[in-house]
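Take a look at the structure below.
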Amino acid sequence: MVSSVSKMNRFISSPTYNDNTILICVTDVLGDNYCVVCEDGKRIYEHIAKALKAGKKVCLSFQGGEDITSAFLAEAFSRLYTNFSEEQIESNLSLTGINAEDAADIECVIKDVKDYLHNPQQFKNAIAEFMGEDSL
């Protein structure tokens, strides 16, 4: 677990604000402190994607966020890693206002997304084996 948290340190930072950095406060975007549903993860992704497409750096603040679920995180980060390169994300996205437990959850979600994108057939085979071919 320590290695996951230390890997997340590449994202976690003290916010640096300048004309090239956009602060996205999750609770402001959602209008709520709860980060639980997939649709909200999609909304966060859309804000991040718009900034990255404009060539901006993004500081994503979870300050005041509660109950940050893997469904919320998976929706936001799976879309990011599907549509942007790992290098672009990791050099232009930082996180702030997040505790170590939630940071570790983000790291797990990112690892799963990368693993899936690297070999989607392996995941499909595992689902088919567990749930049957009809589940695909």
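The values are calculated or read from the model by the stated rules, or taken from the named source; none is laboratory data. Just so it is clear, the model here is predicted, and its values are computed rather than measured. Backbone-built Cβ (ideal geometry, glycine too); neighbour counts: all protein chains shown.
Could you please find all residues in the stretch 50-80 being closer than 20 Å to D112 by Cα and hydrophobic (A, V, I, L, M, F, W, C)?
I68, A71, F72, L73, A74, A76, F77, L80, listed by residue number.
On the basis of being in a helix (DSSP H, G or I) and not charged (D, E, K, R), does L60 make the cut?
For L60, the condition - in a helix (DSSP H, G or I) and not charged (D, E, K, R) - is not met.
Filter the stretch 27-53 down to the residues that are free of Cβ contacts under 8 Å to residues at least 12 places away in the same chain and part of a loop (DSSP other than H, G, I, E, B), then identify the one that is farthest from D105 (Cα to Cα).
G31
Yes/no per residue for (1) within 21 Å of I22 (Cβ to Cβ); (2) assigned to a helix (DSSP H, G or I); (3) modelled with pLDDT under 95:
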position	(1), (2), (3)
L80	yes, yes, no
I98	yes, no, yes
A104	no, yes, yes
D115	no, yes, yes
Q121	no, yes, yes
I127	no, yes, yes
